[in-house]
Amino acid sequence: MTNELKPDNKHLRQIGISAPLKPPIPTSKNSSLASNGKRNPETSSPLDARKTALSILTTLDKENKTLDNIIEDFSDKIDLFSKKDRALMNALVYGVLRWRGRLDHIIEFFSNTPLTKIDLIVLNILRIALFQIIYLSRIPASAAVNTSVELSKSFAAPWVTGFVNAILRNAVRKFDKIPFPDLEKDPVSTIAVRNSFPKWLIKRWLYRFGHEETNLLCRAINTIPPITIRTNTLKTTREKLIKSLQHEVEKIKSTTYAPDGICFFNPKSSIPKIQSFRDGWFVVQDEAAQLVTLLLDPRPGDNVLDACSGLGGKTGHIAQIMKNKGSIIAIDKDDKKLSRLSSEMIRLGISITKTIPCDLEMPLNEKGLGLFDRILLDAPCSGLGIIRRNPDIKWSTSKKNINFFKERQLLFIDNLACLVKPSGVLVYAVCSTEPEENEEVVKDFLSNHPEFVIKKNCVPQSLKNKALISGGMYLKTSPINSNMDGFFSVCFQKKPV
């Protein structure tokens with residue numbers, strides 16, 4: 001690099017850029033920004049997709065929101081994109097989050113400025129560019145550099161644009177030659193950087209699983225999963241649904257374990273626009289989540305409580321297993337979620353649900369809810385079992401979060417215990433594979449509630465003789481052995497009077 005621009009401006013010092021800079025690579029003729037800075041409407045979509053991805057990633061870094069919620073906030077803009085540009089935006093957002101640790105290692109190698117001193121917008125521009133250069137073979141490196149330089153012009157001064165250009169020019173030539181930490185001397189850092197995971201999590205997994213299984217788990221989590229749906233058997237069959245979707249999606253097949261599940265890739269249109277979805281024939285739900293409801297084993301005529309019902313994924317599954325006969329109370333402290341749940345039940349043709357706003361952090365014995373044959377607690381958790389679908393969880397969760405969630409999970413399940421009928425069941429489930437949220441919660445709950453026991457051998461026939469039941473007591477799924485999200489579930493039964 002040369003010293004054609006001196007890093008002596010106030011803004012330059014604020015973001016900590018101290019690397020010598022080169023002039024930007026000349027913008028291609030097909031750039032979505034003209035030389036006067038105005039948009040060319042004929043070719044603006046690809047840059048708009050990148051700009052939206054940048055806004056989503058930067059909002060995620062700055063605000064205490066989940067990726068799903070942020071994408072929903074941008075839905076009006078995203079809905080205007082072509083299928084190609086929507087796919088690009090999704091690839092950039094999810095790809096950067098999957099590989100952020102490795103991308104940051106590369107940026108840090110080429111930058112004289114620590115990552116912590118680089119403005120978040122500038123850092124995310126670099127991440128987006130590097131992801132395209134390294135992982136998106138259909139996008140020429142020159143296009144990735146040029147569009148990122150144009151993006152930087154929208155947000156920063158010329159010398160920052162030069163910094164972005166200089167980093168990317170070097171990365172294009174040398175990214176595959178940079179050194180990684182030594183595996184023998186520092187296995188935690190090596191596996192963390194190469195697989196793009198936080199060090200604290202890799203350290204935990206190495207202690208529990210060893211090198212080989214930790215690497216397998218990382219690779220499985222970093223694999224793009226299929227879209228998995230659940231057939232609404234109140235309206236159709238799995239066979240009819242597969243037939244209706246054959247020309248809408250790619251690589252469609254039945255799930256291995258869940259009897260109503262289907263998975264596929266690359267739908268031609270967004271899910272809400274597919275006619276069979278609009279007709280209420282299916283719900284998007286991972287296979288592991290479907291198995292949790294099978295463990296609950298609701299029967300027609302039961303009185304069921306779906307605690308922490310959220311948007312109603314499992315509520316609808318419970319109702320269809322009950323053949324829409326009986327009663328389901330769905331509770332959640334978020335009124336907006338309950339409103340959407342009610343709308344979802346209408347779409348699915350379900351009439352046996354009732355919603356009640358309720359905070360599980362408060363005692364429930366005075367709420368007049370009555371007693372239930374079956375209660376499902378799909379508890380709030382760290383989400384470390386669903387990183388492959390929600391890669392933002394890698395960077396938003398910490399060991400402190402896990403202990404916080406454990407305490408909250410125990411509070412919720414303690415408050416629900418009094419609502420279970422004698423001989424009734426309480427299913428506890430989390431989308432986490434971490435022992436604090438799994439076996440430790442079970443142990444503490446049983447210690448506090450001797451009136452409950454683990455109900456063994458209650459798994460559905462379709463799951464027997466499979467490697468999903470641990471010790472005959474726990475349902476455990478993993479991206480490694482079952483190509484599912486990582487779930488933990490256990491069925492407690494209240495002793496008869």
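Does residue 319 satisfy the condition of being buried (at least 23 other Cβ atoms within 10 Å of the Cβ) and over 22 Å from residue 236 (Cα atoms)? When the stated conditions are applied, residue 319 does not pass them. Across segment 250-275, the qualifying residues are those that are closer than 25 Å to residue 478 by Cα and of a type in the set (A, V, I, L, M), and the one among them that is surrounded by the most Cβ atoms within 10 Å (Cβ to Cβ) is 258. Considering 370, 383, 349, the condition of being of a type outside the set (S, T, N, Q) and within 30 Å of residue 224 (Cα to Cα) is satisfied by 383 alone.
Of all the residues that make up segment 221-249, how many are aliphatic (A, V, I, L, M), within 30 Å of residue 199 (Cα to Cα) and buried (at least 18 other Cβ atoms within 10 Å of the Cβ)? Residues meeting the conditions: 1.
So is residue 154 among the polar types (S, T, N, Q), surrounded by 16 or more Cβ atoms within 10 Å (Cβ to Cβ) and either modelled with pLDDT under 95 or within 19 Å of the chain's Cα centre (by Cα) (or both) or not? No; evaluated as a whole, the condition is false for this residue.
Among the helices (runs of 4 or more DSSP H) confined to segment 230-323, the ones with at least 2 residues that are more than 21 Å from the chain's Cα centre (by Cα), among the aliphatic types (A, V, I, L, M) and in the same structural domain as residue 430 (by TED's automatic domain parsing) are located at 287-296, 313-321. Taking segment 332-389 as the range and being free of Cβ contacts under 8 Å to residues at least 24 places away in the same chain and within 22 Å of residue 424 (Cα to Cα) as the test, the residues that pass are 366, 367, 368. Does segment 66-81 hold any residues that are within 16 Å of residue 311 (Cβ to Cβ) and part of a loop (DSSP other than H, G, I, E, B), and which are they? Passing the criteria: only 66. Filter segment 332-366 for residues that are part of a loop (DSSP other than H, G, I, E, B), surrounded by 14 or more Cβ atoms within 10 Å (Cβ to Cβ) and either at pLDDT 95 or above or more than 28 Å from the chain's Cα centre (by Cα) (or both) and give the result. Within segment 332-366, 349, 350, 352, 364 qualify. Which condition does residue 74 not pass, out of (1) in contact (Cβ under 8 Å) with a residue 60 or more places away in the chain; (2) within 30 Å of residue 158 (Cβ to Cβ), if it passes all the others? Here residue 74 clears every test but (1). When residue 398 is tested against (1) buried (at least 21 other Cβ atoms within 10 Å of the Cβ); (2) more than 18 Å from residue 331 (Cβ to Cβ); (3) touching a residue at least 40 places away in the same chain (Cβ under 8 Å), exactly one condition is not met: (1).
Answer with yes or no whether residue 329 is within 23 Å of residue 259 (Cβ to Cβ), buried (at least 19 other Cβ atoms within 10 Å of the Cβ) and more than 26 Å from the chain's Cα centre (by Cα).
In short, no.
Restricting attention to segment 58-114 and to residues that are surrounded by 15 or more Cβ atoms within 10 Å (Cβ to Cβ) and of a type in the set (Gly, Ala, Ser), the residue that is nearest to residue 168 (Cα to Cα) turns out to be 111.
Just checking, does segment 430-446 include any residue being modelled with pLDDT under 95 and surrounded by fewer than 18 Cβ atoms within 10 Å (Cβ to Cβ)? Checked segment 430-446: no residue is modelled with pLDDT under 95 and surrounded by fewer than 18 Cβ atoms within 10 Å (Cβ to Cβ).
If the requirement is being among the acidic types (Asp, Glu) and closer than 18 Å to residue 54 by Cα, which of these qualifies: 119, 186, 176?
Selected residue: 119, the only one of 119, 186, 176 that is among the acidic types (Asp, Glu) and closer than 18 Å to residue 54 by Cα.
Among the candidates 201, 217, the residue that is touching a Leu at 6+ places or on another chain (Cβ under 9 Å), crowded, with 17+ Cβ neighbours inside 10 Å and either more than 29 Å from residue 315 (Cβ to Cβ) or not hydrophobic (A, V, I, L, M, F, W, C) (or both) is uniquely 201. Of all residues in segment 450-460, at least one satisfies being in contact with a helix residue (DSSP H, G or I) (Cβ under 7 Å, 6 or more places away or on another chain), surrounded by fewer than 16 Cβ atoms within 10 Å (Cβ to Cβ), modelled with pLDDT under 95 and within 20 Å of residue 313 (Cβ to Cβ).
Which of the residues spanning segment 170-192 are within 18 Å of residue 132 (Cα to Cα) and either modelled with pLDDT of 95 or more or among the acidic types (Asp, Glu) (or both)?
Step one: list which residues in segment 170-192 are within 18 Å of residue 132 (Cα to Cα), which gives 170-178.
Hit for segment 170-192 is 176, nothing else.
Taking helices (runs of 4 or more DSSP H) as the structural unit, those lying wholly within segment 111-181 and holding at least 1 residues that are free of Cβ contacts under 8 Å to residues at least 60 places away in the same chain and either on the phi > 0 side of the Ramachandran plot or touching a Gly at 6+ places or on another chain (Cβ under 6 Å) (or both) correspond to 120-135.
The values are calculated or read from the model by the stated rules, or taken from the named source; none is laboratory data. Keep in mind it's a predicted model, so treat the numbers as computed, not measured. Glycine also receives a Cβ, built like all others from the backbone with ideal geometry; neighbour counts cover every protein chain displayed.
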